[in-house]
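The structure appears below as C-alpha cells.
The values are calculated or read from the model by the stated rules, or taken from the named source; none is laboratory data. Model, not experiment: these values are computed from the prediction. Ideal geometry is used to build each Cβ from the backbone, glycine not excepted, and the neighbour counts take in all protein chains shown. For the accessible areas, the whole protein counts, side chains as well, though only heavy atoms, and no ligand, DNA or RNA atoms are used. Shrake-Rupley method; radii C 1.70, N 1.55, O 1.52, S 1.80 Å.
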Amino acid sequence: MAPRTPTAILLSPTPAMVRAARDAGARSLVLAPDLSAPPVREAVLAADDAIAVDWCNHPRLLAAIGHFSDTPQRIPAPGRRASVFGFDEAGALVAARANEALGLPGNPHAAVAYLTDKAALRDRVNRLAATPVRFERCDRAAGLVPAAERVGFPCVVKPRTGSAGQDVHMLHGAAEAHALARQSAPDAALIVEEYLAGPEFTVEAHSRAGRHTLLAVSRTHTTGAPDCVVTGHDLPARLGGRLHEEIAALVEITLDAAGHRHGPSSTEIIITGRGPALVESHAHPASDRMGELLALATGTDPYALAYTTVLDLPRPAYQSHHRRYAAVRYLPPVAGRTPDPGRLAAVRAVPGVISVEPPVCPPPPDSHAPAASSRVAGHGAITATADSPQDLSRVLREIQDRLRDTALASSKEEELSAV
C-alpha cells in the first residue's frame, strides 16, 4: 500500500499556518473549540479537515485524534504519520503532551515545559550563560516584597508561565512592591528578576534533532520603561560579527538547557553592559507577523520548516532572489476614534508597504464593555520592506509622516522610527 500524505494536526491555527502545511506537502487537520470563531474560521476553510474540540482538555483531545496513535499498543494504518502542532505558549505545551501520549514525533514535553516556566529556565541558563540574571521565585503574594528587595530595585515581576507580555510589572521601590502584593492573588506563581537595560533583540531559530540554526535576529522596538510594550521589529538587525556570535551562543545555551529538539523557537535577548542576557524563550515563532518578516526578508517560512522537520518531509525550496530588509510597526487603538480610510489609503500607497492592518477601535472609556486582557489586543500593524536598512528607514519615515495627527498616530513618534 502506498504511504499516505502525513497530517499536521493544528491547534486553533491562523490561516498562514494552514497554508504552510499545504506548502510543506502535509494534510491539515484543524482542532478548535469553536470552528466559527475568527481567525479560525478562515483557517478551517483552507484546511483539509476540522474537528470542534476543546484541546485544552487532554482526554477529549486524545479521543479526537487517538486514531493517529503510533504507540506499541496500537500500530496505525500505513501512512497515518502525524504530529500535533501548537504555535503559541499554551498550544506548544498541549501539543507536546499529546504527541508523547500518542507516540507521535515532536518536541519532548519536558523541553516545552522548561521554556514555558520562566523560573525553571532562568535557573538552568544562569548556570551556563556568561551573563546570569538575578531572580527569585515567588509562590505567594506575601513573599513578593522580600523577594523584590533581595533582587534589588528596579526589578521586573511577571507570572512564571505567562505569555504575550501580560501582567508584567516594573517595580522601582518597596512601596510599589507592597501595592502589587496587595492586588495579586494570594497564591500567585511569580518570578522577580533584575531589570535589564539595553537594546532588545528577538532571535528566531529552528531545531532539528537538537541542532539549532538561527534563522534571523530582529531588533525589537518598545515604548521603554516602565511598560516596555513592543511597538515593532526590524529584520534582520544590524549587528557586528562578535555580537552576533555572542547572541547565537546564548540562544544555543538556552535551547540546550531546556532540551529543545525539534521545530521553531523564539528567544528574547537584551544587550546589557555586561553582555547579552536572556529575557525569555519560547517553543514557537514569535508571531504570524514575525513569520511574515522572515518570509519577506529571507524567503523562509518557519511553520513550513516545522512541518517538514517533524513529519520528515522534503524541506521546501524557498524563493529568495536577494536578501531584503523588513519591518513591522504596531498601531495602538484609540478609544472612541475610527481610523481614517483616506489616511490608510495614503499609507498603503507608500512604495515598500506590503500590508496595512488597522487597529480595532476599542469602546469609549465610559463603555460598560469589559477591558481587553492583552496589552496588544486590538493593535493594527504596518509591514514594509526595502533593499537596504537606509531605504527601510526612509519608508518608515514616510509612513510616519502620513500618519501624523491622525487617529492612528502614536503619541510617541519613535514607535515608527528605524534604528
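Of the residues making up segment 131-141, those that are closer than 16 Å to A197 by Cα and surrounded by 17 or more Cβ atoms within 10 Å (Cβ to Cβ) are T131, V133, F135.
Here is a yes/no grid of residues against (1) more than 26 Å from A283 (Cβ to Cβ); (2) within 21 Å of the chain's Cα centre (by Cα); (3) of a type outside the set (F, W, Y):
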site: D123; (1), (2), (3): no, no, yes
site: A129; (1), (2), (3): no, no, yes
site: R134; (1), (2), (3): no, no, yes
site: C138; (1), (2), (3): no, no, yes
site: R150; (1), (2), (3): yes, no, yes
site: V156; (1), (2), (3): no, yes, yes
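Within segment 378-410, the set of residues being modelled with pLDDT under 50 and within 30 Å of L239 (Cβ to Cβ) comprises S410 only. Just one residue in the set E246, E292 is charged (D, E, K, R), touching a residue at least 12 places away in the same chain (Cβ under 8 Å), surrounded by fewer than 19 Cβ atoms within 10 Å (Cβ to Cβ) and at negative phi; that residue is E246. Being more than 30 Å from G143 (Cα to Cα) and of a type in the set (A, V, I, L, M) holds for only one residue in A188, A197, A216, and it is A216. R261 - would you say it is assigned to a strand (DSSP E or B), open to solvent by 40 Å² or more (accessible area, probe 1.4 Å) and charged (D, E, K, R)? Judged against the criteria, R261 is not a match. Scanning segment 24-52 for residues that are hydrophobic (A, V, I, L, M, F, W, C) and touching a Phe, Trp or Tyr at 6+ places or on another chain (Cβ under 8 Å) yields A24, A26, L31, A32. For segment 199-216, state whether one or more residues are at pLDDT 90 or above, over 21 Å from A129 (Cα atoms), out of contact with any Lys or Arg (no Cβ under 7 Å at 6 or more places or on another chain) and of a type in the set (D, E). No, the conditions are met nowhere in segment 199-216. The requirement of being of a type in the set (V, I, T), assigned by the TED database to the domain that holds A96 and open to solvent by 40 Å² or more (accessible area, probe 1.4 Å) is fulfilled somewhere in segment 49-58, by at least one residue.
Residue-wise test of (1) small (G, A, S); (2) touching a residue at least 40 places away in the same chain (Cβ under 8 Å); (3) open to solvent by less than 40 Å² (accessible area, probe 1.4 Å); (4) in contact with a Leu (Cβ under 7 Å, 6 or more places away or on another chain).
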{"site": "H178", "(1), (2), (3), (4)": "no, no, no, no"}
{"site": "A189", "(1), (2), (3), (4)": "yes, yes, no, no"}
{"site": "V217", "(1), (2), (3), (4)": "no, no, yes, yes"}
{"site": "G232", "(1), (2), (3), (4)": "yes, yes, yes, no"}
{"site": "R238", "(1), (2), (3), (4)": "no, yes, no, no"}
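Screening S287 on (1) open to solvent by less than 20 Å² (accessible area, probe 1.4 Å); (2) closer than 28 Å to Y195 by Cα; (3) free of Cβ contacts under 8 Å to residues at least 40 places away in the same chain shows it passes everything except condition (1). Considering each residue of segment 344-377, count those that are surrounded by 11 or more Cβ atoms within 10 Å (Cβ to Cβ) and modelled with pLDDT under 65, and give that number. Adding up the residues that qualify gives 9.
Working carefully through the options P316, P333, P341, P302, find the one that is buried (at least 19 other Cβ atoms within 10 Å of the Cβ), modelled with pLDDT under 85 and more than 22 Å from S393 (Cβ to Cβ). Answer to the check: P333. Given R27, R41, R19, which one is touching a residue at least 24 places away in the same chain (Cβ under 8 Å) and open to solvent by 80 Å² or more (accessible area, probe 1.4 Å)? One residue alone meets the criteria, R19. Of all residues assigned to segment 147-162, none qualifies as being in contact (Cβ under 8 Å) with a residue 60 or more places away in the chain and crowded, with 19+ Cβ neighbours inside 10 Å. Give the number of residues within segment 95-130 that are within 29 Å of P276 (Cβ to Cβ) and open to solvent by 30 Å² or more (accessible area, probe 1.4 Å). Number of matching residues: 12.
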